[in-house]
Amino acid sequence: MSSSFFYRPRAGGPASAAAAAASNAAAAANKPWIEKYRPKTMDDISSQEQAVAVLKKTMESQNLPHLLFYGPPGTGKTSTILALARDIYGPEMIGSRVLELNASDERGISVIREKVKNFARSTVSHNIGSQNCPPYKIIILDEADSMTADAQSALRRTMETCSKLTRFCLICNYVTRIIEPLASRCAKFRFKPLEEKHSKDRLELICREEDVKISPEAILSLIRISEGDLRKAIMYLQSASRLMGKDAEIGVDVIADIAGTVPEDVIDGLEACWRTRDYKKISNEVSNVVADGHSASKILSQLHMRLLRTETLSSIQKAQVAEVFGDVDKALSDGADEQLQLLNMMTRVSTIAA
Amino acid sequence: MALWVDKHRPNNLDKLDYHADLSAHLKKLCASGDFPHMLVFGPPGSGKKTRVVAILRELFGAGSEKIKIDQRIFETPSKRKLELNIVSSNYHLEVNPSDVGNYDRVVIQDLLKEVAQTQQVDASAQKRFKVVVIHEADLLTRDAQAGLRRTMEKYMGNLRIIMCCNTTSKIIGPIQSRCLLVRVGAPTVPEICKVLQKVVKKEHCGPLPESLALRLAEDSGRNLRRAILMLETAKVQCHPFKDNQEIPRMDWEDFVRQVMHQILKAQNPESLQHVRGMLYELLNHCIDAATILKTLAKELIERVESNELKMRFAQEAAFYEHRLRMGQKAIFHLEAFVAKIMSVYKRHQMSMDH
Ligand SMILES: Nc1ncnc2c1ncn2[C@@H]1O[C@H](COP(=O)(O)OP(=O)(O)OP(=O)(O)O)[C@@H](O)[C@H]1O
Ligand SMILES: Nc1ncnc2c1ncn2[C@@H]1O[C@H](COP(=O)(O)OP(=O)(O)OP(=O)(O)O)[C@@H](O)[C@H]1O
Ligand SMILES: [Mg+2]
Ligand SMILES: [Mg+2]
């Protein structure tokens, strides 16, 4: 490998120290907003009142149970556990008391056992710093739903043997992918998609801090497109503001563009084809949509919204179309060819609808 | 000697010939201090790679073009050795992790951690981060994608990821919400014509008749790489260009056309057996099975007159292409497709006779 690419500056030299300081300052200024506005304390977590309230109570009791956080992406799971750990241990202790393992780490059975055991066993020296620092350590298993069932069962034993001095926090999107014996050992906390008004508050706060000009409709469409995923909303907001530059106002179209939403007139065109049974027309329309790079799964979900609203189809017809959509969605997620699947969908629906 | 497609690849954002809005946006994005992770998607030959190379140049200057290729060895937890070619400059690194199949997570994590731990060589460089380009990101396993989630957040300080893929349908939601989505649609036919004229001018081999340019562009299916390759072949076949000269076709495409004729000529076990032989021949020449199926379906659909049959053929093609992806042995599914088409066609003929 290129030695220069992986060049490591020698530690200690005065020049390198200065460079490092400068680079830290630059890094802070360029920090992506999703990190810059990551909640620092439990009080900053918005919209998850219930989870936060219960967690705060348990923290006071000095006896934390094992935890299981679940919910869709970008709703504050990782942020909450990090904030909780910071609240418990304070910034100095956190490094020695918290172990974070996520899906990027090797998490086979043996590795888990080894790492967790070593960490759990290294004794906790009492009362460093503050007195009310609790005696246990926390092991965070983020993205736990990507662990194999075997690794999860192995964890059961480990959890029990180490439970005197360690607490586990499992985090996942799909609680059903955590095996029952593991889930039943934990206090469960559900993280809901963020409510609109909370997303709005958070986004407006960022816009004020960062001096972003954005129309109220664009904020609304940002919230709608992100479907309660605040990370997505913040990500799109920052990208939009970078694309537009400082002076221009961010409008609805930019947001739609960034989110990869298929433009409404393209969807109109496809929907109009449903009422023709003309293969040539359908195939032309599909070829163009595919060449323009629109993703078939996005098209499918946007057409589905139309399907629910349309008044030209009977409910039987709608049910039949829904079945076609199901087939096509399955095929797409198996990696089938997008163009063929769209053709399939369009011709079948046109037979039902015409 | 370099192929025209490589020789005339525009190397900076200003020289890109189409999607001027997108280029302007990207330029602003590069100029701002911050830069997000990116997911660049679009159909084959639409100019994704070209655009990414131009972005790198905009970010890092000409240094990003001084690239070299190294072979790296990675070790899986089970001590298996994997070899992978990696393209790198001082500022970025490119990988195609689908080359290592199911071990892609190990490779990606090793690489990203390594890159994240190193600093930019050049303390005066405008950007504090390095870029890792992941090609064919839609072929990443779920496991590898899950591994990227937290990594993308943790290493954001000095690492950015640019993923290239044909479709976002296979990229998991949590990754999409961590990236700026950049859609690179295929150029339109007139845009392709313009690029072809430009290439001819640079090669001093004009004039290129408008009508020939148009036919090349249309025949390419809006795939610019294909159009330029065909142009170069056309020049070898007949120069100076003539407006009625034949469009160069691949040998295997002609062969697929013969398969189509055979299917429509006779629908019986002997004919099926004959076709099987032809399919084997295609597979033996390393033509991708899905491509064979798609091309064959296109030929069949163009050939038959009946609108009903066209629709039906398209649906069968979608069904068997999906099977092909899921299954193990290509020939089974190709043959099943042909048998199905024969039966549908024969039944149709019989109903016409009555
Ligand atoms: N409830 C919330 N309150 C405030 N900010 C939030 C909240 N949820 C998400 N965010 C914002 O989104 C970013 C990502 O959130 P976080 O990493 O906690 O999501 P997550 O639930 O762990 O998602 P994933 O399942 O994808 O890992 C945070 O840095 C923060 O900026
Ligand atoms: N904006 C452009 N202007 C002029 N020529 C271009 C442009 N973009 C791409 N090309 C030409 O088209 C060819 C194909 O582009 P490129 O390799 O970037 O496509 P791609 O989208 O990465 O394709 P694939 O998905 O098949 O890898 C390039 O070799 C280049 O010659
Ligand atoms: Mg998380
Ligand atoms: Mg490419």
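The values are calculated or read from the model by the stated rules, or taken from the named source; none is laboratory data. The model shown is predicted, which means the values in this text are computed figures rather than measured ones. Glycine also receives a Cβ, built like all others from the backbone with ideal geometry; neighbour counts cover every protein chain displayed. Note: accessible area is taken over every heavy atom of the protein model, side chains too, but ligands, DNA and RNA are not part of it. Shrake-Rupley method; radii C 1.70, N 1.55, O 1.52, S 1.80 Å.
Please pick out the residue among B:Leu208, B:Leu159 that is more than 9 Å from chain A (Cβ to nearest Cβ), more than 16 Å from ligand 2 (Cβ to nearest atom) and open to solvent by less than 30 Å² (accessible area, probe 1.4 Å). Explain how you work it out, then say what you get.
On the way: B:Leu208 fails: more than 16 Å from ligand 2 (Cβ to nearest atom).
Answer to the selection: B:Leu159.
Meeting the requirement of 1 or more residues that are within 14 Å of chain A (Cβ to nearest Cβ), the helices (runs of 4 or more DSSP H) wholly within the range B:255-354 are B:289-303, B:307-326, B:330-353. If only residues of the range B:87-103 that are touching a helix residue (DSSP H, G or I) at 6+ places or on another chain (Cβ under 7 Å) and more than 27 Å from B:Lys127 (Cβ to Cβ) are counted, the one that is least open to solvent (accessible area, probe 1.4 Å) is B:Val100.
In the range B:43-56, the residues that are within 13 Å of chain A (Cβ to nearest Cβ) and within 16 Å of B:Thr167 (Cβ to Cβ) form Cβ pairs under 6 Å with partners that are within 8 Å of ligand 4 (Cβ to nearest atom) and open to solvent by less than 20 Å² (accessible area, probe 1.4 Å), at six or more places apart or across chains, as follows: B:Lys48/B:Cys164. When the residues of the range A:57-105 are filtered to those that are assigned to a helix (DSSP H, G or I) and within 12 Å of ligand 1 (Cβ to nearest atom), the one that is surrounded by the fewest Cβ atoms within 10 Å (Cβ to Cβ) is A:Leu82. The residue that is nearest to A:Leu84 (Cα to Cα), among those in the range A:151-178 that are in a helix (DSSP H, G or I) and within 14 Å of chain B (Cβ to nearest Cβ), is A:Arg177. Whenever a residue of the range A:145-159 is open to solvent by less than 10 Å² (accessible area, probe 1.4 Å), its partners that are assigned to a helix (DSSP H, G or I), lying with C-beta atoms within less than 7 angstrom and at least six residues away or across chains, give the pairs A:Ala151/A:Ile109; A:Ala151/A:Ile112; A:Gln152/A:Leu182; A:Leu155/A:Ile112; A:Leu155/A:Leu182; A:Thr158/A:Arg113; A:Thr158/A:Val116; A:Thr158/A:Lys117. Which ones in the range B:1-21 are outside any loop (DSSP other than H, G, I, E, B), over 19 Å from B:Leu229 (Cβ atoms) and either at pLDDT 90 or above or open to solvent by less than 80 Å² (accessible area, probe 1.4 Å) (or both)? Within the range B:1-21, B:Leu13, B:Asp14, B:Lys15, B:Ala20 meet the criteria. A:Gly71 fulfils the conditions (1) more than 16 Å from ligand 3 (Cβ to nearest atom); (2) within 12 Å of A:Ile171 (Cα to Cα); (3) of a type in the set (Gly, Ala, Ser) except for a single criterion, (1). Screening A:Arg242 against (1) within 11 Å of chain B (Cβ to nearest Cβ); (2) open to solvent by less than 30 Å² (accessible area, probe 1.4 Å) leaves a single unmet condition, (2).
Of the residues A:Asp292, A:Asp329, which is more than 9 Å from every other protein chain (Cβ to nearest Cβ), under 24 Å from B:Thr291 (Cβ atoms), touching a helix residue (DSSP H, G or I) at 6+ places or on another chain (Cβ under 9 Å) and open to solvent by 30 Å² or more (accessible area, probe 1.4 Å)? Result: A:Asp329 is the single residue among A:Asp292, A:Asp329 that is more than 9 Å from every other protein chain (Cβ to nearest Cβ), under 24 Å from B:Thr291 (Cβ atoms), touching a helix residue (DSSP H, G or I) at 6+ places or on another chain (Cβ under 9 Å) and open to solvent by 30 Å² or more (accessible area, probe 1.4 Å). The set of residues from the range A:213-264 being assigned to a loop (DSSP other than H, G, I, E, B) and within 28 Å of A:Gly71 (Cβ to Cβ) comprises A:Glu227, A:Gly228, A:Asp229, A:Ala259, A:Gly260, A:Thr261, A:Val262. Of the residues making up the range B:278-305, those that are farther than 15 Å from B:Ala330 by Cβ and open to solvent by 30 Å² or more (accessible area, probe 1.4 Å) are B:Lys298, B:Glu302, B:Arg303, B:Glu305. Of all residues in the range B:183-205, those satisfying the criterion of being within 13 Å of chain A (Cβ to nearest Cβ) and open to solvent by 10 Å² or more (accessible area, probe 1.4 Å) are B:Arg183, B:Thr188, B:Val189, B:Glu191. Select from the range A:256-297 the residues that are within 25 Å of B:Arg178 (Cα to Cα), in contact with an Asp or Glu (Cβ under 8 Å, 6 or more places away or on another chain) and of a type in the set (A, V, I, L, M, F, W, C) and list them in ascending order. Within the range A:256-297, A:Val290, A:Ala296 meet the criteria.
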